[in-house]
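Notes to accompany the following structure.
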Amino acid sequence: PKGWVKVPLGALFKIVYGKGLVASQLMNNGYDVFGANGIIGKYKSYHYSNRQLLVSCRGAYSGTPNLSPKLCFITNNSLILENKWTNLNIRYFYYALSVVDKKKIVTGTAQPQVTTKKLEPLLISLPPLNEQNRIVDRVDSLMNLCDKLEKNHIRKKDINDQLIKSLLQTLTNSKNSKEFENNWGDISKYFNTLFTTEDSIEELKKTILQVAIMGKLIPQDSNDKSSSELLIKIQKEKNKM
């Protein structure tokens, strides 16, 4: 966009590693300790009083951006992009780094890592400060909407899962094939609404098989011989083998 420039991260930030801290030094109380991708415990001191922009630099989370809390000890599993943040919006750069192709900065497969040498030359889009602020406000607003949609989806999925479970129990609890057919007819009206995922269809298949081996899937024929007679025949055949 007009007025934007592309600059390497190294021109904007002093990129440094966090400090070494072994797991045995972690405490139950104190200041937050930020590891590769989140808070991993507490420590008696901190070395950053304000929020910092981080990039995970070791392990599976390599290349993932994070924002540390205030009064935080940051371990050397994260790179810190130091800046006074008077002319830059920290959340804009957090969002910008969230969509960076990690292949550009992550090296190694068995032991993925990000080094300052790889991160410093990474080009990033730099808008004017006011535009950074407006972008962050808009993104925050849209992300809140996305969060609400996600919560609604999870809530609807939970309700749907409970409903499916209840309906499948109705099939399983059918007293006989006639009751099964009635219950099946009620459920089949809403197949397209209820059974929309692989898991739900798999549960339906399991229920059908369960009902089948319980003798409730088809009506019994009074002309059929007793299975005890069949068992005798089978044993006789087996003995002849």
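Some points to look at:
- Number of positions in the range 199-224 that are of a type outside the set (S, T, N, Q) and either in contact with a strand residue (DSSP E or B) (Cβ under 6 Å, 6 or more places away or on another chain) or within 14 Å of residue 160 (Cα to Cα) (or both): 4
- Annotation: of all residues in the range 13-32 being at pLDDT 95 or above and among the aliphatic types (A, V, I, L, M), the one that is farthest from residue 46 (Cα to Cα) is 15.
- Residues in the range 198-232 that are open to solvent by less than 100 Å² (accessible area, probe 1.4 Å) and either polar (S, T, N, Q) or on the phi > 0 side of the Ramachandran plot (or both): 200, 207, 210, 215, 226, 227, 228.
- Looking only at the range 137-174, residues that are open to solvent by 80 Å² or more (accessible area, probe 1.4 Å) and outside any helix (DSSP H, G or I) come to 1 in all.
- Residue match in the range 170-180 (condition: acidic (Asp, Glu), out of contact with any His (no Cβ under 6 Å at 6 or more places or on another chain) and without any contact (Cβ under 8 Å) to a residue 40 or more places away in the chain): yes
- For the range 47-60, the condition holds for at least one residue, the condition being that it is in contact with a Phe, Trp or Tyr (Cβ under 8 Å, 6 or more places away or on another chain) and more than 22 Å from residue 9 (Cα to Cα).
- Scanning the range 58-74 for residues that are within 18 Å of residue 29 (Cβ to Cβ) and in a strand (DSSP E or B) yields 72, 73.
- Flag if residue 145 is modelled with pLDDT of 85 or more, among the hydrophobic types (A, V, I, L, M, F, W, C) and more than 30 Å from residue 7 (Cα to Cα): yes
- Within the range 77-136, tally of residues that are open to solvent by 40 Å² or more (accessible area, probe 1.4 Å) and in a helix (DSSP H, G or I): 15
- Of all residues in the range 59-76, those being polar (S, T, N, Q) and open to solvent by 10 Å² or more (accessible area, probe 1.4 Å) number 3.
- One residue stands out among those in the range 2-57 that are in a loop (DSSP other than H, G, I, E, B) and at positive phi: the one that is least open to solvent (accessible area, probe 1.4 Å), which is 38.
- Considering 228, 200, the condition of being closer than 29 Å to residue 153 by Cβ and assigned to a helix (DSSP H, G or I) is satisfied by 200 alone.
The values are calculated or read from the model by the stated rules, or taken from the named source; none is laboratory data. If you're wondering where the values come from, they're calculated on a predicted model, not measured in any experiment. Because the Cβ atoms are built from the backbone with ideal geometry, glycine has one as well, and the counts that use them run over all protein chains shown. Each accessible area value is taken on the protein alone, full model and side chains, heavy atoms only, with ligands, DNA and RNA left out. Shrake-Rupley method; radii C 1.70, N 1.55, O 1.52, S 1.80 Å.
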